[in-house]
Every structure is written in structure tokens, then in C-alpha cells.
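What follows is a set of notes on a single structure, which appears directly below.
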Amino acid sequence: MTRHINKFIFGIATFLFAYTTYRAAVLSITWDEAFSYLQFVRHEIFIPEKYEMMDANNHFLNTWLNIYFVKWFGVSELVLRLPSLIAHLLFLFFSYKLIKNFDNKWLVLASFLIINLNPYILDFFSLSRGYGPSLGLMMTSIYFLYAYFVNEFKSKDAIYCCLFGALATLANFVLLNYFIVAFGIVLLIAGYSYIKNAKEDSRKHLTTIIISIAIVFLSLWFFIPNALKLKEAGALFYGGNNGFWTDTICTITERCFYELPYPHIFEQAAKGFLFVVLIASSVFVAYKVFKKRTTHSSLFLGALISLIFLCALSTLVQHYFLGTLLLIDRTAMFFVVLFNLTLVFLINELAKQNKKAGFFALIASAFVVFHFVWAFNLHYVFEWKSNADVKQMLTDLKKVVEIPKEKMNVDICIPLSFDQSINYYRAVDNLYWINTVERNATANFLFDYLYLEPKEFTSINTDSMIVFKRYPITGNIFGKPKDLPNLTKVCILQEHDFTKTASGVYTIDEKVEYAQGFSYIINDSITPGKIAQVVFKAQVLAPDIKQCDLGIIISLENKNGAYKWKRAYIQDYIKNADEWVDVSYTSLIPEEALAGDELKCYIWNQNKHKLLVKKMEFKWLSKP
């Protein structure tokens, strides 16, 4: 029977890994994944010199692994998601090792299903984010914490527990809560054992204490300064301020239900069930300690309960004393893993007293199987569902695109949800004929094409738009304006032809941060039209693609400073080093532009790298 159960579990694990792998290969890149690649991976930034508002999106371990994977295998969705897939293997393997010694083999199967069939958590094993790696490494760390109890407190198990806890935190700083608490449990046990046990055993516990402290000290030496820099940059803005119950418990419970149309009472029952399990587990462990009937597995159950309560306390302390926001939805996923482990270990302990207790696990596993089957899909992930059709939209755009010769590219009007995803495919697939996209507060019919979410589409005059396609999964709409203004009149033309200079080129190097460009003071003869756009063109050569993180900047300034600032990366246009290419970047003139404002177009060499330029051109286009 044991052999058959193990084969069945192996089959389930194989299916789940195939599921996450297939989705990793085919799902459209999401906003956060694209941002991490565009800002950090392709520029090979291991640790930013200066932190900005969105830099919490840089999950260190995931970024570092991706830098090397892209070097070795090239860039693709599957390659960028390899760290999460590797983490899924760790999660599957060590979750099985944790429960394989349960006395009831049907309970082993049920427990494996309970731990591994959460569709929301499975999403993150198919994404290039730090959440999947952090959970896989945390599960590995938890296994070694369990082994520390079972193997008579061997030093290597405690050390591995702390080491993998540190790696989990490197994947996602949220796991610092788990890491510190797990280390505290190890230190408490090792310290108690060192004081209590005979001299011949003391060296083992002293080794555990010294090495564990060293791992934690070195880890915090890296984690804390970087976390503080993120906080100072305002990057830790994702979270809640409404209380632990509302922000953490309610949001992660809602996500785990995957927006499926269950009766609302199911969600309320799930929250109540959570409290029942935690209270029952606490009472059970307390009773065992009071009666002096503890076993290694019951002590480990106590460790799991401690992890949950102390991690919750840790987040509350940080919130009230350090001003950090409370964990919400995906940042609180590790609580789900800890709770599921607590549930199955409690049922296992109760089943030792009464075999009928194992039926609770069978009932719970039946529900999670039903839930997983209902949530099963090969098209989207819950958290970034709106991004599911970006890749298909670009394929559809290729079939209908008409590129105005005056500017060499087309503009796509989009809301916040799509800019990074489209820019990722634009850069990776060399779609230079698409202008670097930026989010728009409202739909704008001055753009060549529009790709809108349903809420934006319903807020516009839909009769003014030709709809090419509605995407059934997301409800997103792709189309173009019926009457696009004819912006072909050249009101201003400025040029730099460096081929006529003595050197034949303009060299932007480490001595130049703000390269030569164009500046224009808007006058009254232009502003009344309001409908206009600027076009910046250049012919450039990059000696080193990896070091080509220079940006094309178009900005508008008044006496109060810049009120419009747009950037496109030159690296997006370059296929090969030491090869001349044409770049083109356009921008609509905003309605608030007034006579006397200054328009600037230039190349920004923020990190002091090298670029050669033959020609530059700036045009202001308006209606004939």
C-alpha cells in the first residue's frame, strides 16, 4: 500500500510541476515580471546604487539568478521563470519529506494534496517573482527545522534551517519575519540543551549556536541596510493600514478562493476554521507539555504554531513601531503554507489517538482537489489576470498596423496595467515600430491604437473607436480611433549632423551625463492648436549592449519645474554591438502646455556609459 501511495504522490507532483512549467512557458509576461527584467536583469544590476520608488519590485535572488540564466539561455518567459520552477521542485520534494512518515499512508496523500493544491500559490511558481523561490526555500528550511527535532538536535539540521531561511529572505524580504522566528526557535532549543545536557553533548549545541548566529548576523548585515534604503525611497508602499485581520487575514483568504463564485459564507467559514485549527493546535501542544507526553512531532507542531503567532506579532511590531504597512494578499502567502502544515500535523497527532481523526484530512483534501480543478486554467494568473492577452494583442497589432512615415512608429494608448508588459515584448522581440508605451489616466483618441480594460472602455465614447478584438478572458478591447488627426505639418525642425564635424561622430562617454540635444521655448503661434506631437530621431551605435542604459528624454518645464517627463531606453532599439541603428521616440504635447514653457529633447547618460551618435533630429508636428 505504501508503495502505491508513493507512486500516486509522485504522479501528482509530476502533474503539478508540468502544470507550472507549461504556464511558465506560455503565459504572457506580467507587469511586475517585465519591470524587473527591464530595470534590473537586462542591465545586470545586482544591487542598485540608488533606490527609487519601484525598486521593491527587485527581488534580489530572483534577479541574480535571472541575470545568469539570460546569459546562458537567452531571454524568454520560460527562462525568466526558471528560479520559480526550481523552487517548485523544492516545495514539492520537501513538503513530501515532511509528511512521509505519518503512520496513516492515506493521511500522507491527503496532507500532500492540502499543502500543494492551492491555485493561488501555484500561480507564483509560474512567475518570475521572488514569491515562488521564497516559498520553496522556506519549505526546505522548515523541513530541516523538523529534522532538527527528529534527529536529536543535530547541528547540521539547525544550520541548514537557518541557511535556507536566509536564502528565502533574499528571495523576498517579507520572509525576514519567518527567518528571525525560525532562528529564535533553533537558538532557544540549542541554548537550553547546551545548559541542560552533559558535557559530552555540549560541543554540538555550541556549534549550532555559533554558526546559526553567524548566518543570521551576516544576513542581517545585508538585509537591514537595503530594507531601510527601500523605506527611505518610499518603495515599501504595498500593504495595508486597516488592521491585521482586515489587511492580512481577509485579503489572503480572498485570494486563496481565487475569485470563484462560492457562497460568501464559505469565505467566512474558512476564517473561522483558521482560528479553530490554531486554537486546537495550541491547546493540544499545551496539554502534551503539561502532561509531559511530548514527542518530536508534537514539539514540531508547537514550533509551527510559534512560527505563525510570532510572525504575526513581528509584522504588527514593525507596523506600529517602524511605520511599515501590514502584509496583504501575495506578501502574506507564507502564512498559508504555515497554516496548512499546522493543520496536517495536528490531524496526524490526533489520528495517533483516534484513527477517525484522519477523516478530517480526507474531507479537507477532497475540497482542495475540487477547488484546484475549478480554478485550473492555462491562460492567466489571478493577481495579474488583466495582462493575460498582452502577447496576443501584439500579434493582432502586427496584422493591422499602419506606421505613419512622419514618425517611424505607432503609439498605443493604455492604462496602468499594460505598460511594462508591452515594453518587455517591444524590447525582447525588437518591435521598434512601437513607441515606448506609457500609462494614461484616460483613453486618448490622439493615439494611433488603443488597448483598454473594460472599465476604461465603458467610460469613453465607444462610437469614436473601431474595435478590432475583444478578448474573452480579460474583457480587454483592442482597436483604433475612427478619426485620427492628421499630424503632418512640421512646425519646427532642428537637426544636429555630427558627420560634418572633425571626428565625424558625437561621443557620449563617462564625462557626459546630459548629452547635447534640443531646447525650444514654446511660442504663441504654436500653442493654440493644442493637438501636436514631438518626434525625436537619432542614429546611434553602442560599443557594449549591456552597458547601453542611456535614455531618450522628452520633458516640458515651466517656472515650477518639469511637469512632463518621458523616457525611452536606447537599448530597446539595439540588436548588435558596434552597429549603427535608427531610434525614434515620440510624445504628444499635453493640453497644459503654454507659451513660454520649455521643451527639451536629449539623451541622458545617467550611469556614464558610452554611445556614439551620427545625427539627431527634432520635429514638432501639428495639423496641416
Does region 425-446 include one or more residues that are modelled with pLDDT of 95 or more, part of a helix (DSSP H, G or I) and either in contact with an Asp or Glu (Cβ under 6 Å, 6 or more places away or on another chain) or within 22 Å of D582 (Cα to Cα) (or both)? yes
Looking at L350, L378 in this structure, which one is outside any helix (DSSP H, G or I) and touching a residue at least 60 places away in the same chain (Cβ under 8 Å)? L378
Helices (runs of 4 or more DSSP H) within region 54-170 that include 2 or more residues under 20 Å from the mean Cα position of the chain (by Cα): 60-73, 77-80, 82-99, 119-124, 131-150
Taking the condition of being surrounded by 17 or more Cβ atoms within 10 Å (Cβ to Cβ) and among the aromatic types (F, W, Y), how many residues in region 264-309 meet it? 2
Out of all the residues in region 388-402, is one or more among the small types (G, A, S), touching a Ser or Thr at 6+ places or on another chain (Cβ under 8 Å) and modelled with pLDDT under 90? no
Which numbered condition in (1) in a helix (DSSP H, G or I); (2) not assigned by TED's automatic domain parsing to the domain that holds L113 is the only one that V368 fails? (2)
Of the residues in region 473-488, those that are surrounded by fewer than 14 Cβ atoms within 10 Å (Cβ to Cβ) and either touching a strand residue (DSSP E or B) at 6+ places or on another chain (Cβ under 8 Å) or modelled with pLDDT of 95 or more (or both) come to K482, T488
Might you let me know whether region 263-276 holds any residue that is touching a residue at least 24 places away in the same chain (Cβ under 8 Å), over 22 Å from L170 (Cα atoms) and in a helix (DSSP H, G or I)? yes
Is at least one residue of region 390-399 crowded, with 20+ Cβ neighbours inside 10 Å, on the phi < 0 side of the Ramachandran plot, in contact (Cβ under 8 Å) with a residue 24 or more places away in the chain and assigned to a loop (DSSP other than H, G, I, E, B)? no
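For region 218-247, enumerate the residues that are assigned to a loop (DSSP other than H, G, I, E, B) and either of a type in the set (V, I, T) or in contact with a strand residue (DSSP E or B) (Cβ under 9 Å, 6 or more places away or on another chain) (or both).
Of everything in region 218-247, those that are assigned to a loop (DSSP other than H, G, I, E, B) and either of a type in the set (V, I, T) or in contact with a strand residue (DSSP E or B) (Cβ under 9 Å, 6 or more places away or on another chain) (or both) turn out to be G239, N241, N242, G243.
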Filtered residues of region 141-160 (kept if within 16 Å of N101 (Cα to Cα) and touching a residue at least 40 places away in the same chain (Cβ under 8 Å)): I142, Y143, L145, Y146, Y148, F149, V150
Can you name the residue in region 447-467 that is of a type in the set (D, E, K, R) and under 28 Å from the mean Cα position of the chain (by Cα) and, of all such residues, is modelled with the highest pLDDT? E453
Just to be sure, is F60 under 30 Å from A233 (Cα atoms), free of Cβ contacts under 8 Å to residues at least 40 places away in the same chain, in the same structural domain as L122 (by TED's automatic domain parsing) and not aliphatic (A, V, I, L, M)? no
Inside region 1-45, the number of residues satisfying the requirement of being assigned to a helix (DSSP H, G or I) and closer than 22 Å to N118 by Cα is 24
Of the numbered conditions (1) touching a Cys at 6+ places or on another chain (Cβ under 9 Å); (2) at positive phi, S141 fails exactly one; give the number of that condition. (2)
Among V535, V581, which is the only one that is within 23 Å of I412 (Cβ to Cβ), surrounded by fewer than 21 Cβ atoms within 10 Å (Cβ to Cβ) and among the hydrophobic types (A, V, I, L, M, F, W, C)? V581
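The values are calculated or read from the model by the stated rules, or taken from the named source; none is laboratory data. Please read these numbers as outputs of a predicted model, since none were measured by experiment. Because the Cβ atoms are built from the backbone with ideal geometry, glycine has one as well, and the counts that use them run over all protein chains shown.
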